[in-house]
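The values are calculated or read from the model by the stated rules, or taken from the named source; none is laboratory data. Only a predicted model underlies this, so the values are computations on that prediction, with no experimental measurement involved. Heads up, the Cβs are rebuilt from the backbone with ideal geometry, glycines too, and the neighbour counts pull from every protein chain shown. Accessible surface is based on the protein model in full, side chains and every heavy atom, while ligands, DNA and RNA are left aside. Shrake-Rupley method; radii C 1.70, N 1.55, O 1.52, S 1.80 Å.
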Amino acid sequence: MANSLEFAKKFLPVLDDIYKYSSITQGMDAGKKVDFTGTNEVNVLKTHTTGLGDYSRTNGYPKGDITANWEILKLTEERGKELSIDRMDNEEMANVFGIITGQFMRDWVVPEVDAFRFAKYASASDISKATGAVLTKDTILAAIDEAVRQMNADEVPLQGRILYINSDLQPLLNHAVARSWGSQSAISTMLTNYNGIPIKYVPPTRFYSEIELNDGSAAWGYKKAASGKNINFMLIYPEAVLQVVKLALPKVFTPDENQDKDMWKFQFRIYHDAFVYENKATGIYLHESTT
């Protein structure tokens, strides 16, 4: 770790990889260019048209309306943290600084971003919701089938849907499907796809209907809000949501560059938000726990 530039070239790209491989929601990140109109605003085009009418051989086509306008969405979440380690402590622990910063991304940044997004989608208006009894291996498939039925009824496109399931329910789902085994030397009961819909298992600590963000005065970054509930599963059509990360900036300062103390210093700042399109809210189905 000769200097911060060398560290950045070797290690900071890994931080991005940590997000991509550890984040549950990164697959729904905006694939198109996001139009920022200001420092904290995103411009989103909303359109609406009217349905068919009777064609007249005398008067021709019935007139229709086109409504198109730009909606301005404001980013609300600006989070950050600074970590430091003494020059000698780092040297005596075999340059542990890089390991610590990577662990910080895995343990704190990625889980919080996922939890924030799921909670934002779960609390959005006009999404489809179900709150029922505790799911069992005899009821979980029926509950998922109902989510699929509802989306089909709302004419949400079939392709692209993703089923996010609380990992605590994974054993129930594994036992819900009847299987017959041969003489295989290795077997797997884990379902990764249900009727063409890919399944992603979400750690329960990232799967709450509401969360509370810490202002930095406590050790924890986020937790389930007092009024929050555990989420059993969510069926999401990614085109219904917008995940925006305007800034995810890690900075590293060597002890020689650090003007405050003889320490390696790591600063991370992320400026982001998540939104549900009002006219596509039916692309989200929430099944939350009664607790």
Residues in region 207-224 that are more than 18 Å from Asp273 (Cα to Cα) and of a type in the set (A, V, I, L, M) total 2
Within region 81-104, is there a residue that is under 15 Å from Tyr285 (Cβ atoms), part of a helix (DSSP H, G or I) and under 20 Å from the mean Cα position of the chain (by Cα)? no
Are any residues in region 264-291 open to solvent by less than 50 Å² (accessible area, probe 1.4 Å) and closer than 30 Å to Glu91 by Cα, and if so, which ones? Trp264, Lys265, Phe266, Gln267, Phe268, Ile270
Taking the condition part of a loop (DSSP other than H, G, I, E, B) and surrounded by 16 or more Cβ atoms within 10 Å (Cβ to Cβ), does Val156 pass? yes
Hey, could you check region 87-100 for residues that are over 27 Å from Glu112 (Cα atoms) and at pLDDT 80 or above and say which is surrounded by the most Cβ atoms within 10 Å (Cβ to Cβ)? Arg87
Determine whether Ala124 is part of a strand (DSSP E or B), open to solvent by 10 Å² or more (accessible area, probe 1.4 Å) and over 17 Å from Pro203 (Cβ atoms). no
May I ask you to verify whether Ala68 is part of a strand (DSSP E or B) and either open to solvent by 60 Å² or more (accessible area, probe 1.4 Å) or in contact with a Pro (Cβ under 8 Å, 6 or more places away or on another chain) (or both)? yes
Does region 188-202 include one or more residues that are touching a residue at least 60 places away in the same chain (Cβ under 8 Å) and outside any strand (DSSP E or B)? no
Can Val44 be described as hydrophobic (A, V, I, L, M, F, W, C), modelled with pLDDT under 85 and in contact with an Asp or Glu (Cβ under 6 Å, 6 or more places away or on another chain)? yes
